[in-house]
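Notes follow the structure.
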Amino acid sequence: MEKRIMKGNEALAEGAIRGGCRFYAGYPITPQSEILEWMSWRQKEVGGTFVQGESEIASVNMTFAARALGVRALTSTSGPGFSLYQEGIAYWVSAGVPAVAACVQRFGIGDGFISAGQDNYWQAVKGGGNGDYHLIVLAPNSVQENVDMAYESFALAEKWSHPVLILSDGTIGQMMEPCELPPFVEYDIDQEQPWAVKGVQPGKDYKVITDITYFKDIDEWNDDYLARMREISETEQRWESFEVKDADVVLVAYGISSRVAQGAVEQAREEGFKLGLIRLITLWPYPRKAFETIPDTCRGVVTVEVNMMGQMRDDVIITVKGKFPTFALATRQRIPKVDQVIEFAKAVYNGEVKEVEVF
């Protein structure tokens, strides 16, 4: 494999290119604009198409159209741009179009700040648009994983005829690290694709690719959709566990927070404090199975997040089913520090922190 030192956003874009992406539409917004910039010249080199849309709404719908024609297509945004994507992404889901989006999170409500954050969790894992749906949500915590998840995302989306979201964050997007670049996928857009419009073929009926349910047998569609969601939920859970089986306190984190949390586990163990970590790789499906290894003696489960309310805490509360007290270390717009995480975990162990409130 080719080795490079790359910025996270550029690595994500290159991973998508090498995974067969030949259409990109997007709109500039910090901290993800390097994805758009990279695609602006790289797509031309590989024979693909780049469009800087007039808005996020235009970009998400251009991506829908390209994917419905059989091209592996990506769009990317951040924060308020992701809010503007929600109607279009709901259309992707209803139409069964396996497009891919990347959201490089920032902090804050409305326009928010351009600083790094983890403020799109609720939107990402709870649907975001209208109707009953989840996206498959991948959460990279390194430049290498930006490459790998972008590279894999199209095949994963096609496997389930369902969209994939790469939920990165501004810190991962802006940092530079060594990474290995995989070989190029030679993707044949002329192959049979149930979600793609190919014109009327001799001896075959034409296809209707639409999000409008009254064109479909709604009960049959609902049954198929729910069966797929259940199977995805059961088979695509991904996580890493660090020192969980004997932990007195277990951290739960993803993205940049998980890197700090892993450092906290290593330092705490050196100090004799039994701290563990469940690092989430998929945010949906939520890795419920990971929590089965938490020992009965654990005194608390703590989410570590760069936001104000601890957006992931509800999913942890549901998952542990009241077996363990649940807490949130929400560090607002600041990346948590190792000592801060350890101090909070020790306070949980000593009973000095109130269990998390549900807002």
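A few comments on the model shown:
- Lys44-Ile5 FRET efficiency (beta carbon distance; Förster radius 30 Å; 0.05 resolution): 0.80
- When the helices of the chain are scored as -39500 (n - 2.57) per DSSP H run of n ≥ 4 and the total is divided over every residue, the value at 222 nm lands at -12000 deg cm²/dmol.
- Virtual paramagnetic centre 7 Å along Cα→Cβ of Phe113, amide N under 13 Å, in segment 252-280: none
- Cleavage-rule hits, GluC sites (Glu not before Pro), segment 271-320, DSSP coil, Cβ neighbours within 10 Å at most 11: Glu271
- The Cα atoms of the chain define a convex hull whose projected area, averaged across directions, is 18.6 nm².
- GNM result for the chain, Cα springs below 10 Å: residue of Pro183, Pro140, Pro325 fluctuating most strongly: Pro183
- Proximity of backbone amide H atoms, modeled 1.01 Å from N, is registered between Phe23 and Thr49, Leu74 at under 5 Å, excluding neighbours fewer than 5 places apart on the same chain.
- Helix 338-349 vs. the chain, principal-axis angle (Cα, 0 to 90°, nearest 10): 60 degrees
- Residues whose amide H comes within less than 5 Å of that of Gly96, counting only those at least five positions distant or on another chain, are absent (H built at 1.01 Å from N in the peptide plane).
- Chymotrypsin sites (Phe, Trp or Tyr not before Pro) within segment 93-187, DSSP loop, no more than 13 other Cβ atoms inside 10 Å: Phe184
- Estimated vicinal HN-Hα couplings, Hz - segment 306-312 in sequence order (Karplus 6.51, -1.76, 1.60; Gly, Pro = x): 9, 7, 9, 10, x, 4, 7
- 5 angstrom amide H check on Asp169, placed H, neighbours 5+ away: Gln105
- Where a label projected 7 Å from the Cα of Glu231 along Cα→Cβ would reach, residues of segment 121-145 with amide N under 11 Å: none
- Three-way shape label, segment 239-350, alpha-carbon gyration tensor, a/c 1.5: rounded
- Rounded tilt (10° steps) of 8-18 against the dominant C-alpha axis of the chain: 40 degrees
- Cα point-scatterer Debye curve for segment 113-189, base-10 log of I(q)/I(0) at q = 0.12, 0.15, 0.16, 0.18 Å⁻¹: -0.42, -0.64, -0.71, -0.86
We did not get these values from a lab; they are worked out from the coordinates using the rules stated. The structure presented is a predicted model; accordingly, all values stated were derived computationally and were not measured. Note that each Cβ is placed from the backbone with ideal geometry, even for glycine, and that neighbours are counted across all protein chains shown.
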